[in-house]
Amino acid sequence: IDLGGLAILLISGTASIDESGKSIHIGDLRAQTRRTFLNITRLLNAEGATWKDVVRTSCYLRDIDRDYWDFNDERTAFYKEQGLTLLPASTGIQAKLCRPELLVEIEAIAILKQATQVA
């Protein structure tokens, strides 16, 4: 969404999917979480954004009671690696995901300044 100098990136549900669209890291929540963050990072970078531009995430877990603490450990470590001092607002939600082998899916919203175009 272009707001005249600002852009809002709406990244829909992203998961542990490889370049060919195949689910990877089956049964490994931590590895699926890392791959999901990697996939979002690539989407952000494609638009000139970084995790410092992300203002909100929605994190869907297949089994929030079982997996939340491991997910949160991975998320916290990832954010630290990104050098984030202000963390995005985040909501954790238990949900049935689009593929039965997926354990986590994440949506992200980023806001960034657009380069000024000279006419």
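The values are calculated or read from the model by the stated rules, or taken from the named source; none is laboratory data. All of these numbers come straight from a predicted model, not from anything done at the bench. So basically every Cβ, Gly included, is an ideal-geometry build from the backbone, and we count neighbours across all protein chains shown. Calculation scope for accessible area: heavy atoms of the full protein, side chains included, ligands and nucleic acids excluded. Shrake-Rupley method; radii C 1.70, N 1.55, O 1.52, S 1.80 Å.
The residues listed here are Ile26, Ile17; of these, the one that is under 13 Å from Glu105 (Cα atoms), among the hydrophobic types (A, V, I, L, M, F, W, C) and touching a Ser or Thr at 6+ places or on another chain (Cβ under 9 Å) is Ile17.
Given the residues Asp67, Asp73, which is the only one that is of a type outside the set (A, V, I, L, M, F, W, C) and either touching a strand residue (DSSP E or B) at 6+ places or on another chain (Cβ under 9 Å) or in a strand (DSSP E or B) (or both)? Exactly one residue qualifies, and that residue is Asp67.
From the list Ala31, Ala89, Ala49, which one is exposed (fewer than 14 other Cβ atoms within 10 Å of the Cβ) and among the aliphatic types (A, V, I, L, M)?
Details: Ala31 fails: exposed (fewer than 14 other Cβ atoms within 10 Å of the Cβ); Ala49 fails: exposed (fewer than 14 other Cβ atoms within 10 Å of the Cβ).
Selected residue: Ala89, the only one of Ala31, Ala89, Ala49 that is exposed (fewer than 14 other Cβ atoms within 10 Å of the Cβ) and among the aliphatic types (A, V, I, L, M).
Is it true that Leu38 is buried (at least 18 other Cβ atoms within 10 Å of the Cβ) and part of a helix (DSSP H, G or I)?
On the way: buried (at least 18 other Cβ atoms within 10 Å of the Cβ): no; part of a helix (DSSP H, G or I): yes.
Answer is no for this residue.
In the range 7-28, what residues are open to solvent by 70 Å² or more (accessible area, probe 1.4 Å) and of a type in the set (A, V, I, L, M, F, W, C)? Leu10, Ile26 - these are the residues of the range 7-28 that are open to solvent by 70 Å² or more (accessible area, probe 1.4 Å) and of a type in the set (A, V, I, L, M, F, W, C).
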